[in-house]
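Contents: one structure, followed by commentary.
The values are calculated or read from the model by the stated rules, or taken from the named source; none is laboratory data. The shown structure was predicted, so the numbers you read here are calculated from the model rather than taken from an experiment. Counting neighbours? That spans all protein chains shown, and the Cβs are built from the backbone with ideal geometry, glycine included. Heavy atoms of the whole protein, side chains included, go into the accessibility calculation; ligands, DNA and RNA do not. Shrake-Rupley method; radii C 1.70, N 1.55, O 1.52, S 1.80 Å.
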Amino acid sequence: MQFGKVLLLSTVLLSACTASQLNNPYSEDEGTQSVLYQSFNERPKHLDPAVSYTSNEYAFIGQIYEPPFQYHYLKRPYQLVPLTASQMPDIRYLNQKGAALEKNAKDSDIAFTDYVITIQQGIRYQPHPALAKDANNRYQYHNLTATQIESLNTLNDFEHTGSRELIADDYAYQIKRLAHPKIQSPIAEIMKNYIIGFDDFSKQVSDKPKAAIKDIAMSGVEVISPYQYRVRIKGKYPQFIFWLAMPFFSPMPWEADVFYNQPGLAEKNISLDWFPIGTGAYLLSENNPNRRMVLLKNPLYHPETYPTEGEPDDQQKGLLVDAGKPLPFIDKVVFMLEKETIPYWTKFLQGYFDASGIASDSFDQAIQFTGNGGVALTPSMLEKGIKLQTTVETSIAYMGFNMLDATVGGNSEQARKLRLAISIAVDYDEYISIFMNGRGLPAQGFLPPGIYGYDDNNQSHNPYLYDWVDGKLQHKSIDIAKQLMVEAGYPNGIDPKTKEPLILYFDTGLPSIDDRPRSAWYRKQLEKLGIMLIIRATDYNRFQEKIRTGNAQIFTWGWNADYPDPENFFFLLYGGNGKVKYGGENAVNYQNPTFDRLFETMRNMDNSEQRYQIIQHMQDIIRHDAPMAFGFYPKRFSLFHSWYKNLKANSMANNELKYLRIDSATRTQKRQEWNKPIAWPLALGAVLFVLLLIPAINAYRRHIKEPLP
Amino acid sequence: MIHYIIRRLLYAFPLLIGINILTFMLFFIINSPNDMARMQLGQKHVTEQAIDNWKQQHGYNLPLLWNPTATAEKKLTDTIFYQKSVGLFLFRFGSSDNGRNISADIKERAWPSLAVALPTLCVGLLVDITFALLMVLFRQSYLDRVGTALCVVSMSISSLFYIIAGQFVISKLLRLVPISGYDDGLDAIKFLILPVLIGAFSGVGSGVRWYRTLFLEEVSKDYVRTARAKGLTEIQTLFRHVLKNAMIPILTGVVVVLPTLFMGSLITESFFSIPGLGSYTIDAINSQDFAIVRAMVFLGSVLYVIGLLLTDISYTLVDPRVRLS
């Protein structure tokens, strides 16, 4: 009897715990931990902060490595604040002789700028075998034998771990790593132009092993004290501070290179590129990029608290509920590899992912448009308590004209009017509606919202493309574009040389079937002007080659901000960065002496009214010259469940996980509610199968009674 | 037989060299080392110097097939082809272009592929043969005709449809198993049920039709008439005699695919997030990682050659009349 009760109780418990969620993709019990579940669709290539430069890699290393500065989580416009630094850097200007200059010294007098950075005391690295020491204070794992290495498979196979305090040397060491040719940092070529001694150091260590750089000095980087270091750069480059907030400038203990460079570890895929060592809020406890990555709260994380101030409506949105509380809130973050959108979306709806983007095939299921053109969640999403957050990204997608091209390029008035006519004809409002499900903002200039210099007056617009009519923006009529075509010498789109429709070429590196409708749409837009647009679709490699060699005519391209400064956008139009002439990032090969002169002035200025006016002037110049149709700024739609707290989209910060909080109890309850298995169709199927067998068996019985043929 | 096996293995060498050359040429017709460097270095701030550095680091700074500036045998050996190919024949796959050790990745990813492919093959084979025998048992009846029609319909539907429909019905509507994912050990079972069922079900149409044809050919032979004449039931005839005699073509189809089960399924692994070798290959092609593509094509070729050899050997086991010489 007693046994029967126990059995009954076990059955009930078992069915409550497991059978109630047969579709649960997680095997481990969360216990009392606060766990966040996210996904990734592409395995990261690099987790070494000197090499990593993509958003899917920053999703991990942003939580692990800590540069001296970070972006304020809540404040807008984006604002830098200290992270491991104890204060913002002391910036000193020097003349050619090394003498100090006043803060308001002329740009021409400034030969060097010193960034003196003081870091907080007492910050410690996450526990890591590279820092493990024995009783004699010697590193335990810096001289591994072949037998020891043979027995290893992951970093977790090391029995001991150690830690030590973060010191200024670690920041200096990382800058030297950026310069080492064997590390292949993507920003090495840029930093050569700025950090004093960077190039010389790079040449000096080119034939030396990675770990040998510890004792070789770089003239522009000096460790002043255990908690202070100085970086000297050429001239004045105010944007350098933004680089100091990127993972490239995170600290790296020299012990990491010594440890990972031991022969045999790389063959086991145990390398700095796969097993980071940082001071951040999280450490990578499981690295299986083929399946899942797991971050755990760093037990040695230094004291940091949730921001106490933000934008005016943050309080109302509940974003300041946790103000002043110690970070991070979440104990464990599980990233699951999910390549396909259908399973990804289903798991989100089942509550197994806490947040989600919206793929085009699930857009209609999630979003509906309101009468006034706004967006709202569908009733099925609202019923689940799902919330929507939309943000305009600090990016731009544009249609570029190759300014070296004989037809659409050049500074002639004829070519400019042709470009303007095309810019009017290509209706990006329609593009956003058809191809982006409304997830974009038509661009009125080159700077997206969130970048200093963006004119957020709602009447601000590109007067060459839009009019302000009855309190709203209105795209210019196609008749104006046709008139411009006449003035450009192509009435009705007829090329006077051939007496045939003007033929232009649209180069694209997206030759897949899915992208053909986009190309066809561009062709239709130009047909409005009588222009025949020929699509030249190639693979992306060939497309890039055409851009490099100047053989493209019209193409689409984009840019995602590295940092929230207009310099990071306008440098794409600076003549000195021409793609064909100089191999720079100016893909349209635009060159305007006035624009270039203003750029050179603007890039060295601190934000001020004067700088703002220069930026507006530069916007006016490129609106007039039209080296590109500005396209749109993409909008990010994020969905998240009711138990997901403190989410505020931040296009600049990479370390947002430490601010998030999960209401685990609500999630557990909702998951059980949403995932009760339905088994009756299986029983029905079994009954039908049996019913189907009965006539078959009867037929067989009849068959064996028949005489042989 | 030993001589035969050795001879077949020796034949495989020129075949593998040919496949390697073909892979190499096809890959480098599409991608130059500069393209590969750009793909690995990303989109931003990539300079010619950075590209040269990358090529130097990864051994792509040499000529492709012939080095005119080198001397003697180095004209051949100081080339990308030689440097990247010689290790393959020793099963040293080296590192991928983003630095991971390929052999370690293959070892890790072969098991999930096998965990899906082997049960799929077994379940598929069992279901196919059972249904084929049932259809032969009820040949010329409405069951046979309906079954054949259903097989044709089933063959006409893309496997992608089965995957999406299976995920929708079983995982989303009925919530009986996770829609995708993978885990170690016994925890993997709940993730394998759906891909295995879908994999087996999607092949039922063609499989049943194929085996039905084989069995129908056998049942018209004299020994079947003799078996019936001596009083065996239809079921006894089919299972004791027909099935045994149809084993040669069954083996032809099954043994040849056994080694390649390790290579995984491209679509299934991708849709079910199974970290196998199929998705490994697809990822490598998308990221233009020549080192992985080359290693996987080579490995696939070796396994296929082994599969064919095993098929030949298995003939001798099921049919004593067959002799390998």
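Values for this structure:
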{"quantity": "Within 10 Å of each Cβ in A:334-344, the average number of Cβ atoms from other chains", "calculated": "5"}
{"quantity": "Nearest-0.05 FRET efficiency for residue B:6 and residue B:140, computed from C-beta distance (R0 51 Å)", "calculated": "0.55"}
{"quantity": "For chain A, the longest site-free run once GluC sites (Glu not before Pro) in DSSP loop states with at most 13 other Cβ atoms within 10 Å are removed", "calculated": "A:310-709"}
{"quantity": "Percent accessible area from carbon and sulfur atoms, the protein assembly as shown, protein chains only, probe 1.4 Å", "calculated": "58 percent"}
{"quantity": "Crossing angle, helix B:48-58 versus chain B [Cα axis fit, 0-90 degrees, rounded to tens]", "calculated": "60 degrees"}
{"quantity": "Ratio Rg/Rh [Cα only; Rh per Kirkwood] for chain A", "calculated": "1.03"}
{"quantity": "Gain in span if fully extended, residue A:581 to residue A:469, counting 0.36 nm per residue against the direct Cα distance", "calculated": "36.1 nm"}
{"quantity": "Relative contact order of chain B, pairs being alpha-carbon contacts under 8 Å that are 6 or more residues apart, as %", "calculated": "24 percent"}
{"quantity": "Extended-chain gain in nm, criterion 0.36 nm per residue less alpha-carbon gap, residue A:498 and residue A:684", "calculated": "59.7 nm"}
{"quantity": "All aspartates and glutamates inside 19 Å of residue A:384 as judged from Cα atoms, apart from same-chain residues fewer than 8 positions distant", "calculated": "A:354, A:364, A:663, A:673"}
{"quantity": "Partners for residue A:546 among aspartates and glutamates (Cα-Cα distance below 20 Å; same-chain residues under 8 apart left out)", "calculated": "A:405, A:507, A:515, A:585, B:35, B:48, B:52"}
{"quantity": "Relative packing of B:212-218, A:174-180, B:36-42, which averages over residues the other C-beta atoms within 10 Å, highest first", "calculated": "A:174-180, B:36-42, B:212-218"}
{"quantity": "Gain upon complete extension [residue A:160, residue A:549; 0.36 nm per residue less C-alpha separation]", "calculated": "134.6 nm"}
{"quantity": "Nearest 10 degrees, 0 to 90: helix B:277-286 Cα axis against chain B principal axis", "calculated": "40 degrees"}
{"quantity": "Accessible solvent surface per residue of the stretch A:46-273, calculated while the other protein chains remain in place, 1.4 angstrom probe, Å²", "calculated": "40 Å²"}
{"quantity": "Trypsin sites (Lys or Arg not before Pro) restricted to the stretch A:492-542 and DSSP loop, no more than 10 other C-beta within 10 Å", "calculated": "A:497, A:499"}
{"quantity": "Label point distance in nm, residue A:145-residue A:55, each placed 7 Å from Cα along Cα→Cβ", "calculated": "5.0 nm"}
{"quantity": "Mean ellipticity per residue at 222 nm, deg cm²/dmol - from DSSP H runs of n ≥ 4 across the protein assembly as shown, formula -39500 (n - 2.57)", "calculated": "-12500 deg cm²/dmol"}
{"quantity": "Peptide B:34-44, shielding by other chains (average Cβ, 10 Å cutoff)", "calculated": "5"}
{"quantity": "Farthest positive-ward along chain A dipole, Cα basis, beta-carbon charges - from A:330, A:148, A:374", "calculated": "A:148"}
{"quantity": "Whole-number percent relative contact order across chain A, with pairs defined as alpha carbons under 8 Å at least 6 apart", "calculated": "17 percent"}
{"quantity": "Shielding by partners - mean other protein chain Cβ count within 10 Å, residues of A:524-530", "calculated": "0"}
{"quantity": "Relative packing of A:675-681, B:174-180, A:196-202, which averages over residues the other C-beta atoms within 10 Å, highest first", "calculated": "B:174-180, A:196-202, A:675-681"}
{"quantity": "Simple label model, 7 Å out from Cα along Cβ direction - residue A:234 to residue B:230, nm", "calculated": "9.6 nm"}
{"quantity": "Estimated D of the stretch A:46-273 in µm² per second, where Rh is the Kirkwood radius over Cα pairs and Stokes-Einstein applies at 10 °C, 1.306 mPa s", "calculated": "85 µm²/s"}
{"quantity": "The stretch A:395-636, relative contact order [Cα under 8 Å, separation at least 6], %", "calculated": "32 percent"}
{"quantity": "For the stretch A:395-636, with +1 on Lys and Arg beta carbons and -1 on Asp and Glu, the positive-most of A:502, A:436, A:466 along the dipole", "calculated": "A:502"}
{"quantity": "Relative pair counts by distance (%), Cα atoms of the stretch A:395-636, 10 Å bins", "calculated": "7, 32, 38, 19, 3, 0"}
{"quantity": "Among A:277, A:239, A:116 - extreme Cα towards positive end, dipole of the protein assembly as shown, charges at beta-carbon", "calculated": "A:277"}
{"quantity": "Cβ-derived FRET efficiency at R0 35 Å, residue A:455 paired with residue A:102, nearest 0.05", "calculated": "0.65"}
{"quantity": "Net charge dipole size for the stretch A:593-640 [Lys, Arg +1 and Asp, Glu -1 on Cβ; Debye, nearest 20]", "calculated": "280 debye"}
{"quantity": "Helical segments meeting 27 Å axial Cα length and Kyte-Doolittle 0.0 threshold in chain A (DSSP H)", "calculated": "A:680-705"}
{"quantity": "Lys pairs under 22 Å by Cα in the stretch A:581-709, provided they are eight or more residues apart or on distinct chains", "calculated": "5"}
{"quantity": "Straight-distance crosslink candidates among aspartates and glutamates, where the alpha carbon sits under 13 Å from residue A:339 and sequence neighbours closer than 8 are dropped", "calculated": "A:42, B:269, B:283"}
{"quantity": "Rounded to 10°, Cα long-axis angle of helix B:189-202 versus longest principal axis of chain B", "calculated": "70 degrees"}
{"quantity": "Whole-percent pair-distance distribution, where bins are 20 Å wide, for the alpha carbons of chain B", "calculated": "24, 47, 24, 4, 0"}
{"quantity": "Max mean-square fluctuation residue, GNM over chain B, Cα-Cα springs under 10 Å, options B:75, B:230, B:190", "calculated": "B:230"}
